[in-house]
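Please see the structure below; I have some questions.
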Amino acid sequence: MKINSMQSAISAVVAAVALTGCGSADENFIWTAEKNIARKLKDPDSAKFGKTFIVRKPADSSGISEVAACGTIDGKNSFGAYTGGTRFVVRGLQGNDLLDISIMELDDPTESKPTTFEKVYWNAYCLK
């Protein structure tokens, strides 16, 4: 039976919430973000990450903050070769016992600069 991507994302979020006591909030969000964005690759097991960083907005009165994990990911293509780093953004909400992913986007290296990804996601969530 094939597990669809939504079930996989939910499983990763549940696992991340279970691991909340095992690291900082930023470490937990990065772990969840990298696991989920890797699933968008042709070969998720080949994922190699460059520097992933967090941009966090201040928490609201209930302790929930908007968080974005931004970085680069490389993975193998259909020929088994690494394609070069591609930027990614994973955005969500985090706080108390909540970790909710709402956006997972990869840049399109074939699109001319500035890409839609850059204008809509990278500039909005990753530039401090």
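The values are calculated or read from the model by the stated rules, or taken from the named source; none is laboratory data. Being a predicted model, the structure only gives us computed values, none of them experimental. Neighbour counts are summed over all protein chains in view; Cβ atoms, including those assigned to glycine, are modelled from backbone coordinates with ideal geometry. We work out accessible area using only protein heavy atoms, side chains counted, and drop any ligands, DNA or RNA first. Shrake-Rupley method; radii C 1.70, N 1.55, O 1.52, S 1.80 Å.
Which sequence of T32, T72 reflects their accessible areas, 1.4 Å probe, from the largest down?
T72, T32
Keeping all protein chains in position, work out how much accessible area R87 exposes to a 1.4 Å probe, and write it in Å² to the nearest 10.
Approximately 50 Å² for this residue.
Okay, moving on. Under 27 Å Cα to Cα from K51, which lysines show up? Leave out anything in the same chain fewer than 8 places away.
Hits, sequence-local ones excluded: K35, K40, K42, K76, K113, K119, K128.
For a quick check of your reading of the filter: which GluC sites (Glu not before Pro) in the range 18-114 sit in a DSSP loop and have no more than 16 other Cβ atoms within 10 Å?
Working: sites: E27, E34, E66, E105, E111; in loops: E111.
Qualifying residues, ordered by number: E111.
If you rank V120, V67, V55 by how much accessible surface each has, with a 1.4 Å probe, what is the order from largest down?
Greatest to least solvent exposure: V120, V55, V67.
May I ask you to give the solvent-accessible area per residue for the range 33-128, in square angstrom, as obtained with a 1.4 angstrom probe? If you can, show how the numbers build up before the last one.
Working: 5460 Å² over 96 residues.
For the range 33-128, the solvent-accessible area averages 57 Å² per residue.
A further question on this structure: Of F53, F79, which has the most accessible area with a 1.4 Å probe, and how do the rest follow in descending order? Please report the intermediate quantities before stating the final value.
Working: F53 60, F79 190 Å².
Greatest to least solvent exposure: F79, F53.
Expected output is a single nm value to one decimal: the length gained when fully extending between A81 and E27, i.e. 0.36 nm times separation in residues minus the C-alpha distance. What is it? Don't skip to the answer; put the middle values down first.
On the way: separation 54, 0.36 × 54 = 19.44 nm, distance 2.91 nm.
Value of the extension gain: 16.5 nm.
Kindly report, to the nearest 10 Å², the accessible surface of L106 as traced by a 1.4 Å probe over protein heavy atoms only.
50 Å²
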